[in-house]
Amino acid sequence: MSTSTISLDHVVAWLARFRELVTEQQSYLTELDSAIGDADHGANMVRGMNAVVEKVGAAPATAADELLKSVGMTLVTSVGGAAGPLYGTLFLRMGVSAGPVAELDGAAFGAALRAGLDGVVARGKAEAGDKTMFDAINPALDAWDAAVAGGADIAAAASAALAAAEKGRDSTEPLVARKGRASYLGERSTGHLDPGATSSTLLFQALADTVTS
Amino acid sequence: MKKLINTPESVLADALAGIDAAHPELKVDHVNRVIYRAEPTRAGKVALISGGGSGHEPLHGGFVGFGMLDAACAGEVFTSPTPDQMQEATKVADSGAGVLHIVKNYTGDVMNFEMAAEMAEAETGVKVASIVVNDDVAVQDSLFTAGRRGVGLTVLLEKIVGAAAEEGQDLAAVTALAHRVNDSGRSMGMALTSCTVPAAGKPTFDLPDDMMEIGVGIHGEPGRHREKLADAASIAKQLVDPILSDMDFTGSPAIVMMNGMGGTPQIELYIMYNEVAKLLEAAGVQVVRNLVGDYITSLDMAGCSVTILKADEEMLKLWDAPVNTAGLRWGV
């Protein structure tokens, strides 16, 4: 199916698919996190996305800002740790950027994601190469923007973003962590994928699955 | 895992119920998981709120009461509480004079408290200031890490700043004092054994019987290095030396805390205190006050930490002021 816009139904399906993916990969995320963090990333993401899907299902939203902000607040209040404020801020800022609309074109959705990432950066103070979720999301958004600017439809943009996120995720393996609990390990944090970059890649996997299925 | 629990899932709720049952002078909000003083904050008094993951008791709930905190937000074991809990505590504890958030420097705690402060200010206009405590010298390269962790100094800071707030100092003064205390103290810890998080069911890290971890964090984070177990005098030196090489503690009175990590008996803490006191005397540090006991723990970890605070006259006076909490009580 080729589509040129992302509807609220797409967003809801995207969140549901993200929940499925973090649930499937819960023990993998936890394993990555026990290597360099505190072994709770899988459980935290599953708890948060369960709460999100329940919340979104309970009261269907009529506008993108309302929907995305409610997702953000639910993550902030249910996840805790570092992932709660970071993923929560991503969706809260996406909501602010999206505004009270029922659908977003590729450029508007990209702008919303970019606003979300800017919020994550403001909150977490991460830069490229710090071995964080930024290292997956930033290249994914660059790829999304380039695809949309080149006239690609949503499915092609999502698939380009996913490929870039995967590459960004894989690039975190040799890096020394400079943020979060992993940074206490210094050189011992190399040789492991970053759990946050890995779960963020699932966000783009979920998006690609949603808009191409 | 051998623990005095009902189920791993109910540890926090059951512990909060116990605090509620044991302390009529406290008020426990079981929904938001906040411990308050039973009496509302006196009008004009700055409210002090702290919080963090559970498993460090008596920190923070045990320090709610006259002369210390007004409220403490409890997260799951070793997991930061969420901004809605902190926002609720901020709203309830504020008397109109503003609120100081006392935050230990961990990425999750810092971000959740930041969000809570923004949300509380946006919603109710309450003035929120914050202090991020970062005293653990075990984390060396702070430019390329999340920075020094917040550990033992948090206890001394909550006592001293709590007394200032009780005295009626305003939010700006209380906050400035909190920064001064944070800038004047350092800590270093060690572990003989790992802790076991109830939900995990097994020790957080493996430490062979004949080894110890020097520079361990209060969540079982790795320290500076591991080595063969040694006698108390050598361990004391390994804790005191990095603190003294990080900051000059001579020429001013000092408050010293010998803190147990939860699984170490008091008799060993006194042996360690004695060794630490001898080293400090030899180094020309004048210790005028001390605490020996379990004040900021890491569940059942065996081990200890040393905190040294270079105290000025005002800090000492505030240290001596009356305090009446479950975890610290004198002068009342």
**Study point:** Sole residue being crowded, with 24+ Cβ neighbours inside 10 Å, in a helix (DSSP H, G or I) and touching a Lys or Arg at 6+ places or on another chain (Cβ under 8 Å), chosen from A:Ala182, A:Ala177
**Key:** A:Ala182
Exercise for review: Evaluate segment A:111-126: report whether one residue or more is without any contact (Cβ under 8 Å) to a residue 60 or more places away in the chain, assigned to a helix (DSSP H, G or I) and in contact with a strand residue (DSSP E or B) (Cβ under 7 Å, 6 or more places away or on another chain).
Suggested key: yes
Review point. Among A:Ala206, A:Ala177, A:Ala158, A:Ala152, which is the only one that is in contact (Cβ under 8 Å) with a residue 60 or more places away in the chain and more than 14 Å from chain B (Cβ to nearest Cβ)?
Key: A:Ala206
Check your understanding: Of all residues in segment B:61-98 being of a type in the set (A, V, I, L, M) and outside any strand (DSSP E or B), which is nearest to the other protein chains (Cβ to nearest Cβ)?
Key -> B:Met86
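Listed here are the residues, each with its yes/no results for (1) within 14 Å of chain A (Cβ to nearest Cβ); (2) within 18 Å of B:Val99 (Cβ to Cβ); (3) loosely packed, with under 15 Cβ neighbours inside 10 Å; (4) at pLDDT 95 or above.
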site: B:Lys3; (1), (2), (3), (4): no, no, yes, yes
site: B:Asp14; (1), (2), (3), (4): no, no, yes, yes
site: B:Ala17; (1), (2), (3), (4): no, no, yes, yes
site: B:Asp29; (1), (2), (3), (4): no, yes, no, yes
site: B:Glu39; (1), (2), (3), (4): no, yes, yes, yes
site: B:Leu59; (1), (2), (3), (4): no, no, no, yes
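Could you look through segment A:185-203, keep only residues that are assigned to a helix (DSSP H, G or I) and of a type in the set (Val, Ile, Thr), and pick out the one that is farthest from the other protein chains (Cβ to nearest Cβ)?
For segment A:185-203, the residue satisfying everything is A:Thr201.
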Check your understanding: Looking at this structure, is A:Glu31 surrounded by fewer than 22 Cβ atoms within 10 Å (Cβ to Cβ), modelled with pLDDT under 95, among the charged types (D, E, K, R) and part of a helix (DSSP H, G or I)?
Key -> yes
Exercise for review: Being within 12 Å of chain A (Cβ to nearest Cβ), part of a loop (DSSP other than H, G, I, E, B), surrounded by fewer than 24 Cβ atoms within 10 Å (Cβ to Cβ) and not hydrophobic (A, V, I, L, M, F, W, C) is the filter here, so list the residues in segment B:109-160 that pass it.
Suggested key: B:Gln140, B:Asp141, B:Thr145, B:Gly147, B:Arg148
Practice item. Scan segment B:242-265 and give yes if some residue there is within 14 Å of another protein chain (Cβ to nearest Cβ), crowded, with 20+ Cβ neighbours inside 10 Å and of a type in the set (Val, Ile, Thr), otherwise no. Key: no
Exercise for review: Taking B:Thr204 as meeting all but one of (1) in contact with a Gly (Cβ under 6 Å, 6 or more places away or on another chain); (2) more than 14 Å from every other protein chain (Cβ to nearest Cβ), write down the number of the exception.
Suggested key: (2)
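The values are calculated or read from the model by the stated rules, or taken from the named source; none is laboratory data. Treat the numbers as computed from the prediction; the structure is a model and nothing was measured. When we count neighbours, we look across all protein chains shown, and the Cβ atoms used for this are built from the backbone with ideal geometry, even at glycine.
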